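Here is the structure we will look at, set down as structure tokens.
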Amino acid sequence: MSAATTRSRTPDRLCAEAVDLARAAAEEAAAPGIVGEHVGLVSEGDRVVTHFFECRELGYRGWRWAVTVARASRAKIVTVDEAVLLPGPDAVLAPEWVPWSERLRPGDMGPGDLLPTDAEDLRLEPGYSGEDEPPPNSAVSHEMADLVEAEDADVTEGPPSRLPVTPSRGSIAAIAEELGMRRARVLSRYGLHTAADRWEEAFGPKTPMAQSAPAACVTCGFLVPVGGSLGQAFGVCANEFSPADGRMVSLAYGCGGHSEAAVMPKPPQPAPPVIDETRVDPFPLRPASDSGSVPVTEDESSAELGHS
């Protein structure tokens, strides 16, 4: 260890004793009453010492006023280098700033919010916009332009799909629009793979729901197939009682709402009542004499008592 290093760790005596000078510099930078007690010092180098004072400013708990003083070689006058407010070991600090593009999470967007996409977004790639060279049989192709010039004809400006008098049906731009390809940017392979990984993580074969399912979605009648390359691995769930209703699910996903997991038998229906409208059932207007609980007797004495 060199002598210079040893000297730098030992505070200079004159600089360490300049507490009043450092306090005056801190109060000049802040305000009277804001600078608190002297809480320590540290040697910054040869004849350079930093004094720390407690900060009493509201909202700056744990912060300290740091005043650095120094003196020249063989000089006995101590001068102030700088006075700043620095956080201490237990200071309350704001969280590290993160750009909005990294803070955004799924579900953060609300009605009226706009989410701009980067021009170099890896999830997107240029699509077909109809600005390419026209086909060879178009009226504005180079071959047709030479032909009409020889025949003294007029060539329209722009492709026929953009002329108001020419129907766009049947043109390359119209066909591309029907196929969903006439967009400025389309999903790139990277964007397709990231979306597939995200969907498979949420509704894939490794989820607890799929692990306990009786069968996979590939055999479920509620699965709505999708086109394109995604249709080989994903579909849309159309079961309103499934946790994945309306979501893009993996074909290997599954839940208890599988259409063929448990087919309920049809409940038995009672036979319809049989009504015979041709038969007439007679009903007496008066009860029969033998319909009571007391047997009929011909004894006159009992007849007087009112028994029938």
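The values are calculated or read from the model by the stated rules, or taken from the named source; none is laboratory data. Remember, it's a predicted structure, so these values are computed and weren't measured experimentally. Counting neighbours? That spans all protein chains shown, and the Cβs are built from the backbone with ideal geometry, glycine included. Calculation scope for accessible area: heavy atoms of the full protein, side chains included, ligands and nucleic acids excluded. Shrake-Rupley method; radii C 1.70, N 1.55, O 1.52, S 1.80 Å.
Calculate the tail of P(r) for the stretch 1-126: the fraction of all Cα-Cα distances greater than 27 Å, expressed in %.
On the way: 3566 of 7875 pairs.
For the stretch 1-126, the fraction of Cα-Cα distances above 27 Å is 45 percent.
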Collect residues whose amide H, placed 1.01 Å from N in the peptide plane, falls under 5 Å from the amide H of Val48; neighbours closer than 5 in sequence don't count. Asp12
For the stretch 5-47: accessible area per residue (Å², 1.4 Å): 60 Å²
Taking Cα centroids, how far is the stretch 16-35 from the stretch 217-245 in Å? 72 Å
Pairwise label distance in nanometres, Glu277 with Leu230, each label 7 Å out on the Cα-Cβ vector: 6.1 nm
